[in-house]
1. Run down 228, 177, 207, 172 and say which single residue is farther than 23 Å from residue 124 by Cα, assigned by TED's automatic domain parsing to the domain that holds residue 69 and not β-branched (Val, Ile, Thr).
2. So which of 306, 376, 294 is acidic (Asp, Glu), in contact with a Ser or Thr (Cβ under 8 Å, 6 or more places away or on another chain), touching a residue at least 40 places away in the same chain (Cβ under 8 Å) and under 22 Å from residue 399 (Cα atoms)?
3. Please determine whether any residue of segment 48-59 is loosely packed, with under 14 Cβ neighbours inside 10 Å, part of a loop (DSSP other than H, G, I, E, B) and not small (Gly, Ala, Ser).
4. Which residue is surrounded by the fewest Cβ atoms within 10 Å (Cβ to Cβ), if the candidates are limited to segment 300-317 and must be of a type outside the set (A, V, I, L, M) and under 17 Å from residue 236 (Cα atoms)?
5. Give the residue that is nearest to residue 221 (Cα to Cα), with candidates limited to residues of segment 50-99 that are touching a residue at least 60 places away in the same chain (Cβ under 8 Å) and among the polar types (S, T, N, Q).
6. For segment 293-326, name all the residues that are in a loop (DSSP other than H, G, I, E, B), out of contact with any Lys or Arg (no Cβ under 8 Å at 6 or more places or on another chain) and among the small types (Gly, Ala, Ser).
7. Could you please give the count of residues in segment 22-31 that are part of a loop (DSSP other than H, G, I, E, B) and either among the small types (Gly, Ala, Ser) or outside the structural domain of residue 227 (by TED's automatic domain parsing) (or both)?
Amino acid sequence: MSADINRPLSSRIKADGSVTNLAEYEADNGYQGLKKALGMGPSGVMDLVKDANLKGRGGAGFSAGLKWSFMPSPEANPGPRYLICNADEMEPGTFKDRWLMEGDPHQLVEGLAIAAFAAQAQTAYIFLRADYDLCAERLEVAIKEACEAGLLGEDIQGSGYSLDMYLHTSAGRYICGEETALINSLEGKRAVPRAKPPFPQVSGLFGRPTAVNNVETLCNLPHILQHGVEWFAGLGIGEDNGTKLYGVSGRVKNPACWELPIGTTVREIIEEHAGGMQDGVKLRGFLPGGGSTDFLTTEHLDLAMDFGTIAKAGSRMGTGTMILLDDQTCPVGMVLNLIEFFAQESCGFCTPCRNGLPFIRQILRDMEAGRGKIEDLDRLKELCGYIWIGNTHCALAPGAAEPLQSALKYFREDFEAHIEGQCCPFGDSPAEAGHSHTHAQETA
(Lines give C-alpha, C1' and ligand atoms only; values in the text may rest on other atoms or scores of the structure.)
Protein backbone atom coordinates (compact mmCIF):
# COMPACT_ATOMS: atom_id res chain seq x y z
CA MET A 1 0.00 0.00 0.00
CA SER A 2 1.40 3.36 -1.02
CA ALA A 3 -0.18 6.74 -0.44
CA ASP A 4 -1.36 8.68 -3.50
CA ILE A 5 -0.20 12.25 -2.90
CA ASN A 6 -3.08 13.49 -5.03
CA ARG A 7 -5.54 11.75 -2.70
CA PRO A 8 -3.69 12.03 0.60
CA LEU A 9 -6.68 11.63 2.93
CA SER A 10 -8.17 8.47 1.48
CA SER A 11 -5.39 6.56 -0.28
CA ARG A 12 -4.78 4.31 2.75
CA ILE A 13 -8.47 3.43 3.13
CA LYS A 14 -8.99 -0.17 2.05
CA ALA A 15 -11.82 -1.27 -0.21
CA ASP A 16 -12.59 -4.29 1.99
CA GLY A 17 -13.38 -2.09 5.01
CA SER A 18 -10.50 -3.31 7.15
CA VAL A 19 -8.49 -0.81 9.16
CA THR A 20 -4.99 0.50 8.47
CA ASN A 21 -2.97 -0.45 11.54
CA LEU A 22 0.09 1.27 12.99
CA ALA A 23 2.64 -0.89 11.16
CA GLU A 24 0.99 -0.24 7.80
CA TYR A 25 0.61 3.45 8.57
CA GLU A 26 4.25 3.91 9.57
CA ALA A 27 5.41 1.91 6.53
CA ASP A 28 3.73 4.54 4.38
CA ASN A 29 5.40 7.58 6.02
CA GLY A 30 2.93 7.69 8.90
CA TYR A 31 3.89 9.97 11.80
CA GLN A 32 6.62 11.62 9.71
CA GLY A 33 4.55 14.81 9.72
CA LEU A 34 4.44 14.80 13.51
CA LYS A 35 8.17 14.19 13.74
CA LYS A 36 8.82 17.10 11.39
CA ALA A 37 6.45 19.32 13.38
CA LEU A 38 8.28 18.56 16.63
CA GLY A 39 11.47 19.82 15.03
CA MET A 40 9.89 23.04 13.72
CA GLY A 41 8.42 24.35 16.96
CA PRO A 42 4.79 25.42 17.55
CA SER A 43 5.09 28.80 15.81
CA GLY A 44 6.71 27.22 12.76
CA VAL A 45 3.86 24.71 12.42
CA MET A 46 1.25 27.41 12.90
CA ASP A 47 2.82 29.63 10.24
CA LEU A 48 3.07 26.71 7.81
CA VAL A 49 -0.61 25.85 8.20
CA LYS A 50 -1.59 29.50 7.78
CA ASP A 51 0.48 29.70 4.59
CA ALA A 52 -1.15 26.52 3.32
CA ASN A 53 -4.56 28.22 3.68
CA LEU A 54 -6.13 25.11 5.19
CA LYS A 55 -9.77 26.03 5.69
CA GLY A 56 -11.94 24.17 8.18
CA ARG A 57 -13.69 21.21 6.57
CA GLY A 58 -16.51 21.02 9.11
CA GLY A 59 -18.55 23.60 7.22
CA ALA A 60 -17.39 27.04 8.30
CA GLY A 61 -14.34 27.22 6.05
CA PHE A 62 -12.31 29.27 8.55
CA SER A 63 -8.50 29.16 8.52
CA ALA A 64 -7.26 26.45 10.89
CA GLY A 65 -3.93 28.14 11.58
CA LEU A 66 -5.59 31.48 12.22
CA LYS A 67 -7.98 29.84 14.68
CA TRP A 68 -5.05 28.50 16.73
CA SER A 69 -3.35 31.92 16.67
CA PHE A 70 -6.27 33.44 18.61
CA MET A 71 -5.25 31.43 21.67
CA PRO A 72 -3.22 33.54 24.11
CA SER A 73 0.37 32.46 24.52
CA PRO A 74 1.33 30.19 27.44
CA GLU A 75 3.42 33.06 28.77
CA ALA A 76 0.44 35.43 28.79
CA ASN A 77 -1.94 32.78 30.13
CA PRO A 78 -0.03 29.97 31.88
CA GLY A 79 -1.81 26.72 32.65
CA PRO A 80 -3.61 23.92 30.81
CA ARG A 81 -4.55 24.26 27.13
CA TYR A 82 -6.76 21.95 25.07
CA LEU A 83 -7.24 20.82 21.49
CA ILE A 84 -10.53 19.09 20.63
CA CYS A 85 -11.41 17.13 17.52
CA ASN A 86 -15.08 17.59 16.62
CA ALA A 87 -16.10 14.13 15.42
CA ASP A 88 -19.78 14.55 16.30
CA GLU A 89 -20.85 14.06 12.70
CA MET A 90 -24.63 14.41 12.94
CA GLU A 91 -25.33 16.69 9.97
CA PRO A 92 -28.03 14.96 7.86
CA GLY A 93 -26.54 13.41 4.74
CA THR A 94 -22.95 13.62 6.03
CA PHE A 95 -20.70 10.59 6.44
CA LYS A 96 -17.24 11.77 5.34
CA ASP A 97 -15.55 11.81 8.77
CA ARG A 98 -16.80 8.32 9.56
CA TRP A 99 -15.07 7.07 6.39
CA LEU A 100 -11.76 8.54 7.55
CA MET A 101 -11.96 7.36 11.14
CA GLU A 102 -13.01 3.80 10.33
CA GLY A 103 -10.45 3.32 7.58
CA ASP A 104 -7.39 5.26 8.73
CA PRO A 105 -7.64 6.22 12.42
CA HIS A 106 -3.91 6.89 12.86
CA GLN A 107 -4.17 9.72 10.33
CA LEU A 108 -6.55 11.50 12.71
CA VAL A 109 -4.43 10.70 15.77
CA GLU A 110 -1.35 12.16 14.06
CA GLY A 111 -3.23 15.21 12.79
CA LEU A 112 -4.68 15.92 16.22
CA ALA A 113 -1.22 15.59 17.80
CA ILE A 114 0.22 18.09 15.29
CA ALA A 115 -2.59 20.57 15.99
CA ALA A 116 -2.16 20.16 19.74
CA PHE A 117 1.58 20.80 19.41
CA ALA A 118 0.98 23.94 17.32
CA ALA A 119 -1.50 25.20 19.92
CA GLN A 120 0.87 24.16 22.74
CA ALA A 121 -1.89 22.06 24.29
CA GLN A 122 -1.03 19.28 26.70
CA THR A 123 -4.36 17.43 26.40
CA ALA A 124 -6.41 16.49 23.33
CA TYR A 125 -9.88 14.99 23.03
CA ILE A 126 -11.72 13.29 20.20
CA PHE A 127 -15.41 14.07 20.74
CA LEU A 128 -17.11 11.27 18.81
CA ARG A 129 -20.70 10.81 17.68
CA ALA A 130 -22.46 8.31 19.94
CA ASP A 131 -23.57 6.03 17.08
CA TYR A 132 -20.09 5.52 15.63
CA ASP A 133 -19.28 2.28 17.43
CA LEU A 134 -16.75 1.00 14.90
CA CYS A 135 -14.98 4.37 14.85
CA ALA A 136 -14.75 4.26 18.64
CA GLU A 137 -13.32 0.77 18.63
CA ARG A 138 -10.68 1.56 16.02
CA LEU A 139 -9.72 4.94 17.48
CA GLU A 140 -9.22 3.40 20.92
CA VAL A 141 -6.84 0.85 19.40
CA ALA A 142 -5.00 3.54 17.42
CA ILE A 143 -4.52 5.76 20.47
CA LYS A 144 -3.25 2.79 22.48
CA GLU A 145 -0.85 1.77 19.69
CA ALA A 146 0.47 5.33 19.40
CA CYS A 147 1.03 5.55 23.17
CA GLU A 148 2.88 2.23 23.26
CA ALA A 149 5.07 3.36 20.35
CA GLY A 150 6.04 6.60 22.13
CA LEU A 151 4.10 8.74 19.64
CA LEU A 152 1.80 10.05 22.38
CA GLY A 153 2.34 10.52 26.10
CA GLU A 154 5.40 11.81 27.90
CA ASP A 155 8.32 13.38 26.02
CA ILE A 156 7.21 12.35 22.51
CA GLN A 157 10.21 11.16 20.46
CA GLY A 158 12.55 12.87 22.95
CA SER A 159 11.22 16.28 21.95
CA GLY A 160 10.30 17.44 25.43
CA TYR A 161 6.65 17.77 24.33
CA SER A 162 4.04 15.65 26.14
CA LEU A 163 0.45 15.03 25.05
CA ASP A 164 -2.38 12.98 26.54
CA MET A 165 -5.13 12.04 24.08
CA TYR A 166 -8.57 10.76 25.03
CA LEU A 167 -11.62 9.48 23.16
CA HIS A 168 -14.93 10.83 24.48
CA THR A 169 -18.20 9.39 23.18
CA SER A 170 -20.99 11.93 22.82
CA ALA A 171 -24.32 11.68 24.59
CA GLY A 172 -25.85 11.84 21.12
CA ARG A 173 -27.28 15.26 20.21
CA TYR A 174 -26.95 17.25 16.99
CA ILE A 175 -26.27 20.44 18.92
CA CYS A 176 -22.99 18.93 20.16
CA GLY A 177 -21.57 19.71 16.73
CA GLU A 178 -21.59 23.38 17.76
CA GLU A 179 -18.21 23.84 19.39
CA THR A 180 -19.31 25.52 22.62
CA ALA A 181 -22.17 23.04 23.15
CA LEU A 182 -19.59 20.31 22.57
CA ILE A 183 -17.38 21.85 25.26
CA ASN A 184 -20.28 22.02 27.71
CA SER A 185 -21.09 18.37 27.03
CA LEU A 186 -17.44 17.40 27.50
CA GLU A 187 -17.52 19.12 30.88
CA GLY A 188 -20.55 17.04 31.86
CA LYS A 189 -23.02 19.88 31.48
CA ARG A 190 -26.16 20.24 29.38
CA ALA A 191 -25.20 20.62 25.71
CA VAL A 192 -26.26 24.24 25.24
CA PRO A 193 -24.20 26.68 23.14
CA ARG A 194 -22.39 29.35 25.10
CA ALA A 195 -22.64 33.08 24.53
CA LYS A 196 -19.65 34.45 22.62
CA PRO A 197 -17.42 36.26 23.48
CA PRO A 198 -15.48 34.89 25.21
CA PHE A 199 -14.55 32.54 22.40
CA PRO A 200 -13.20 29.05 23.16
CA GLN A 201 -9.68 30.05 22.13
CA VAL A 202 -9.65 32.36 25.18
CA SER A 203 -12.02 30.56 27.55
CA GLY A 204 -13.07 27.11 26.43
CA LEU A 205 -12.87 23.73 28.13
CA PHE A 206 -12.78 24.24 31.92
CA GLY A 207 -12.31 27.96 31.25
CA ARG A 208 -8.96 27.41 29.55
CA PRO A 209 -7.71 28.25 26.02
CA THR A 210 -9.18 25.68 23.64
CA ALA A 211 -9.27 25.11 19.87
CA VAL A 212 -11.80 22.85 18.14
CA ASN A 213 -11.19 21.40 14.67
CA ASN A 214 -13.09 18.99 12.42
CA VAL A 215 -11.85 15.46 11.63
CA GLU A 216 -11.18 16.14 7.93
CA THR A 217 -9.36 19.38 8.76
CA LEU A 218 -7.00 17.62 11.16
CA CYS A 219 -6.36 14.74 8.75
CA ASN A 220 -4.82 17.22 6.29
CA LEU A 221 -2.07 18.24 8.72
CA PRO A 222 0.31 15.26 8.44
CA HIS A 223 0.36 15.67 4.65
CA ILE A 224 0.90 19.44 4.72
CA LEU A 225 3.83 18.95 7.11
CA GLN A 226 5.29 16.22 4.93
CA HIS A 227 4.79 17.69 1.44
CA GLY A 228 4.63 21.45 1.98
CA VAL A 229 2.57 24.50 1.10
CA GLU A 230 3.09 24.52 -2.67
CA TRP A 231 2.05 20.90 -2.97
CA PHE A 232 -1.14 21.56 -0.97
CA ALA A 233 -1.98 24.64 -3.05
CA GLY A 234 -1.52 22.62 -6.23
CA LEU A 235 -4.17 20.10 -5.23
CA GLY A 236 -7.06 22.56 -5.38
CA ILE A 237 -8.90 24.04 -8.32
CA GLY A 238 -9.51 27.76 -7.99
CA GLU A 239 -9.02 29.87 -4.87
CA ASP A 240 -9.13 27.09 -2.25
CA ASN A 241 -6.29 24.67 -1.52
CA GLY A 242 -6.16 20.93 -1.00
CA THR A 243 -8.62 18.17 -1.63
CA LYS A 244 -12.15 17.77 -0.29
CA LEU A 245 -14.22 14.77 0.67
CA TYR A 246 -17.42 15.04 -1.36
CA GLY A 247 -20.39 12.76 -0.84
CA VAL A 248 -23.70 12.17 -2.60
CA SER A 249 -26.84 10.54 -1.24
CA GLY A 250 -30.08 10.16 -3.14
CA ARG A 251 -31.26 8.34 -6.24
CA VAL A 252 -27.95 8.11 -8.04
CA LYS A 253 -26.36 4.93 -9.33
CA ASN A 254 -23.36 5.11 -7.00
CA PRO A 255 -24.06 6.99 -3.74
CA ALA A 256 -20.76 7.25 -1.89
CA CYS A 257 -17.91 9.52 -0.80
CA TRP A 258 -14.83 10.53 -2.80
CA GLU A 259 -11.71 12.60 -2.27
CA LEU A 260 -11.40 15.11 -5.11
CA PRO A 261 -9.66 18.44 -5.75
CA ILE A 262 -11.52 21.17 -3.89
CA GLY A 263 -13.37 23.14 -6.53
CA THR A 264 -14.55 20.12 -8.54
CA THR A 265 -17.86 20.96 -10.21
CA VAL A 266 -21.20 19.72 -8.96
CA ARG A 267 -21.83 18.12 -12.35
CA GLU A 268 -18.64 16.07 -12.25
CA ILE A 269 -19.37 14.85 -8.73
CA ILE A 270 -22.91 13.76 -9.58
CA GLU A 271 -22.53 12.52 -13.15
CA GLU A 272 -19.04 11.01 -13.15
CA HIS A 273 -18.36 9.88 -9.58
CA ALA A 274 -21.92 9.17 -8.42
CA GLY A 275 -22.74 7.61 -11.80
CA GLY A 276 -25.60 9.96 -12.63
CA MET A 277 -29.25 9.61 -11.71
CA GLN A 278 -30.91 6.21 -11.65
CA ASP A 279 -32.79 5.20 -14.80
CA GLY A 280 -36.13 6.94 -15.14
CA VAL A 281 -35.30 9.55 -12.49
CA LYS A 282 -34.42 13.21 -13.09
CA LEU A 283 -32.59 15.63 -10.83
CA ARG A 284 -34.55 18.64 -9.60
CA GLY A 285 -32.28 20.10 -6.96
CA PHE A 286 -29.72 19.40 -4.27
CA LEU A 287 -28.59 20.49 -0.83
CA PRO A 288 -24.85 21.02 -1.44
CA GLY A 289 -23.47 20.61 2.06
CA GLY A 290 -25.82 18.55 4.19
CA GLY A 291 -29.34 19.10 5.51
CA SER A 292 -28.78 22.62 6.84
CA THR A 293 -27.91 24.25 3.51
CA ASP A 294 -30.04 26.00 0.88
CA PHE A 295 -31.28 24.11 -2.17
CA LEU A 296 -29.63 24.72 -5.50
CA THR A 297 -31.03 23.46 -8.81
CA THR A 298 -29.95 22.04 -12.15
CA GLU A 299 -28.92 25.54 -13.28
CA HIS A 300 -26.11 25.34 -10.72
CA LEU A 301 -24.58 22.06 -11.89
CA ASP A 302 -21.50 23.66 -13.40
CA LEU A 303 -20.57 25.56 -10.26
CA ALA A 304 -17.34 24.72 -8.46
CA MET A 305 -17.89 23.07 -5.10
CA ASP A 306 -15.80 25.47 -3.06
CA PHE A 307 -16.64 27.83 -0.23
CA GLY A 308 -16.83 31.09 -2.18
CA THR A 309 -18.60 29.87 -5.31
CA ILE A 310 -21.43 28.10 -3.51
CA ALA A 311 -21.88 31.08 -1.18
CA LYS A 312 -22.25 33.42 -4.16
CA ALA A 313 -24.96 31.12 -5.54
CA GLY A 314 -26.98 31.58 -2.35
CA SER A 315 -26.10 28.45 -0.40
CA ARG A 316 -23.13 27.00 1.53
CA MET A 317 -20.70 24.23 0.66
CA GLY A 318 -21.02 23.11 4.28
CA THR A 319 -19.68 19.61 4.68
CA GLY A 320 -19.55 19.03 0.91
CA THR A 321 -21.95 16.10 1.10
CA MET A 322 -24.89 16.58 -1.25
CA ILE A 323 -28.45 15.36 -0.71
CA LEU A 324 -30.26 15.13 -4.04
CA LEU A 325 -33.92 15.87 -4.75
CA ASP A 326 -35.32 13.95 -7.71
CA ASP A 327 -38.53 14.38 -9.67
CA GLN A 328 -40.23 11.48 -7.89
CA THR A 329 -39.65 12.82 -4.37
CA CYS A 330 -41.87 15.46 -2.82
CA PRO A 331 -39.84 18.56 -1.89
CA VAL A 332 -42.40 19.46 0.79
CA GLY A 333 -42.03 16.01 2.34
CA MET A 334 -38.24 16.21 2.10
CA VAL A 335 -38.19 19.58 3.88
CA LEU A 336 -40.66 18.34 6.48
CA ASN A 337 -38.39 15.40 7.21
CA LEU A 338 -35.49 17.78 7.84
CA ILE A 339 -37.60 20.11 10.00
CA GLU A 340 -38.75 17.09 12.06
CA PHE A 341 -35.08 16.36 12.74
CA PHE A 342 -34.06 19.92 13.60
CA ALA A 343 -37.10 20.50 15.83
CA GLN A 344 -36.27 17.33 17.75
CA GLU A 345 -32.59 18.30 18.07
CA SER A 346 -33.15 21.87 19.29
CA CYS A 347 -31.47 22.36 22.67
CA GLY A 348 -34.49 24.44 23.73
CA PHE A 349 -32.43 27.35 25.01
CA CYS A 350 -33.92 30.16 22.89
CA THR A 351 -37.55 30.79 22.05
CA PRO A 352 -37.27 31.23 18.24
CA CYS A 353 -35.74 27.77 17.88
CA ARG A 354 -37.63 26.00 20.67
CA ASN A 355 -41.07 27.24 19.57
CA GLY A 356 -40.49 28.30 15.97
CA LEU A 357 -39.35 24.95 14.61
CA PRO A 358 -42.35 22.99 16.02
CA PHE A 359 -44.64 25.71 14.59
CA ILE A 360 -43.06 25.27 11.15
CA ARG A 361 -43.25 21.49 11.53
CA GLN A 362 -46.99 21.61 12.22
CA ILE A 363 -47.69 23.83 9.20
CA LEU A 364 -45.80 21.43 6.95
CA ARG A 365 -47.52 18.41 8.48
CA ASP A 366 -50.88 20.01 7.82
CA MET A 367 -49.87 20.80 4.25
CA GLU A 368 -48.79 17.22 3.62
CA ALA A 369 -52.04 15.91 5.10
CA GLY A 370 -54.22 18.12 2.89
CA ARG A 371 -55.02 20.80 5.46
CA GLY A 372 -52.81 23.52 4.03
CA LYS A 373 -53.94 27.09 3.30
CA ILE A 374 -52.50 29.56 0.82
CA GLU A 375 -51.62 31.99 3.61
CA ASP A 376 -49.34 29.28 5.04
CA LEU A 377 -46.76 30.11 2.38
CA ASP A 378 -46.34 33.68 3.61
CA ARG A 379 -46.40 32.45 7.18
CA LEU A 380 -43.57 29.98 6.49
CA LYS A 381 -41.49 32.70 4.84
CA GLU A 382 -42.12 34.98 7.81
CA LEU A 383 -41.11 32.26 10.27
CA CYS A 384 -37.86 31.70 8.38
CA GLY A 385 -37.08 35.35 9.13
CA TYR A 386 -37.90 34.96 12.81
CA ILE A 387 -35.45 32.06 13.21
CA TRP A 388 -32.73 33.59 11.01
CA ILE A 389 -29.21 34.65 11.96
CA GLY A 390 -29.19 37.27 14.69
CA ASN A 391 -32.52 36.18 16.15
CA THR A 392 -31.35 32.93 17.74
CA HIS A 393 -28.71 31.87 20.26
CA CYS A 394 -26.80 29.70 17.76
CA ALA A 395 -26.91 28.57 14.13
CA LEU A 396 -29.17 25.51 14.51
CA ALA A 397 -32.46 27.24 13.65
CA PRO A 398 -30.99 29.38 10.82
CA GLY A 399 -29.57 26.17 9.38
CA ALA A 400 -33.00 24.55 9.57
CA ALA A 401 -34.47 27.55 7.77
CA GLU A 402 -32.13 27.18 4.80
CA PRO A 403 -33.73 24.15 3.07
CA LEU A 404 -37.21 25.55 3.76
CA GLN A 405 -36.63 29.10 2.50
CA SER A 406 -34.89 27.83 -0.64
CA ALA A 407 -37.60 25.22 -1.29
CA LEU A 408 -40.18 28.01 -1.16
CA LYS A 409 -38.04 29.89 -3.68
CA TYR A 410 -37.39 27.08 -6.16
CA PHE A 411 -40.30 24.67 -5.63
CA ARG A 412 -43.16 26.96 -4.69
CA GLU A 413 -45.45 25.25 -7.20
CA ASP A 414 -45.18 22.04 -5.19
CA PHE A 415 -46.32 23.82 -2.04
CA GLU A 416 -49.20 25.40 -3.97
CA ALA A 417 -50.18 22.02 -5.43
CA HIS A 418 -50.49 20.59 -1.92
CA ILE A 419 -52.84 23.42 -0.96
CA GLU A 420 -54.90 23.48 -4.13
CA GLY A 421 -55.30 19.71 -4.31
CA GLN A 422 -55.72 19.30 -0.53
CA CYS A 423 -53.25 16.42 -0.66
CA CYS A 424 -49.68 15.59 -1.47
CA PRO A 425 -49.37 15.09 -5.27
CA PHE A 426 -46.68 12.49 -4.64
CA GLY A 427 -48.93 10.42 -2.33
CA ASP A 428 -52.06 8.34 -2.89
CA SER A 429 -54.30 10.19 -0.47
CA PRO A 430 -54.15 12.86 2.23
CA ALA A 431 -54.28 10.15 4.89
CA GLU A 432 -51.14 8.55 3.45
CA ALA A 433 -49.33 11.77 2.69
CA GLY A 434 -47.31 11.76 5.89
CA HIS A 435 -46.02 8.26 5.16
CA SER A 436 -45.38 8.38 1.42
CA HIS A 437 -41.87 9.82 1.37
CA THR A 438 -39.69 6.90 2.26
CA HIS A 439 -37.03 7.99 -0.18
CA ALA A 440 -36.94 11.55 1.09
CA GLN A 441 -36.45 10.26 4.61
CA GLU A 442 -33.65 7.96 3.51
CA THR A 443 -31.75 10.61 1.59
CA ALA A 444 -32.00 13.22 4.32
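The values are calculated or read from the model by the stated rules, or taken from the named source; none is laboratory data. All values derive from a computational prediction rather than experimental measurement. Using ideal geometry, Cβ is built from the backbone for each residue, glycine included, and neighbour counts are taken over all protein chains shown.
1. Exactly one of 228, 177, 207, 172 is farther than 23 Å from residue 124 by Cα, assigned by TED's automatic domain parsing to the domain that holds residue 69 and not β-branched (Val, Ile, Thr), namely 228.
2. On the way: 306 fails: in contact with a Ser or Thr (Cβ under 8 Å, 6 or more places away or on another chain); 376 fails: in contact with a Ser or Thr (Cβ under 8 Å, 6 or more places away or on another chain).
Among 306, 376, 294, only 294 is acidic (Asp, Glu), in contact with a Ser or Thr (Cβ under 8 Å, 6 or more places away or on another chain), touching a residue at least 40 places away in the same chain (Cβ under 8 Å) and under 22 Å from residue 399 (Cα atoms).
3. Applying the first criterion (loosely packed, with under 14 Cβ neighbours inside 10 Å) to segment 48-59 yields none.
Looking for residues that are loosely packed, with under 14 Cβ neighbours inside 10 Å, part of a loop (DSSP other than H, G, I, E, B) and not small (Gly, Ala, Ser), one finds none in segment 48-59, hence no.
4. From segment 300-317, those of a type outside the set (A, V, I, L, M) are 300, 302, 306-309, 312, 314-316; that's our starting set.
With under 17 Å from residue 236 (Cα atoms) added as a condition, the list becomes 302, 306-309.
Numbers: 302: 10, 306: 23, 307: 25, 308: 14, 309: 19.
By that ranking, first place goes to 302.
5. We begin by selecting, within segment 50-99, every residue touching a residue at least 60 places away in the same chain (Cβ under 8 Å); these are 51-59, 61, 64, 67-68, 70-72, 77, 79-97, 99.
Then keep just the ones that are among the polar types (S, T, N, Q); that gives 53, 77, 86, 94.
Details: 53: 11, 77: 26, 86: 15, 94: 22 Å.
Residue satisfying both the conditions and the ranking: 53.
6. Across segment 293-326, the qualifying residues are 313, 314, 315, 318.
7. Residues of segment 22-31 that are part of a loop (DSSP other than H, G, I, E, B), as a first pass: 28-31.
Next, only the ones that are either among the small types (Gly, Ala, Ser) or outside the structural domain of residue 227 (by TED's automatic domain parsing) (or both) stay: 30.
The qualifying residues number 1.
Okay, residues lined up against (1) at pLDDT below 95; (2) outside the structural domain of residue 79 (by TED's automatic domain parsing); (3) over 19 Å from residue 60 (Cβ atoms); (4) not charged (D, E, K, R):
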residue: 119; (1), (2), (3), (4): no, no, no, yes
residue: 142; (1), (2), (3), (4): no, no, yes, yes
residue: 151; (1), (2), (3), (4): no, no, yes, yes
residue: 155; (1), (2), (3), (4): no, no, yes, no
residue: 187; (1), (2), (3), (4): no, no, yes, no
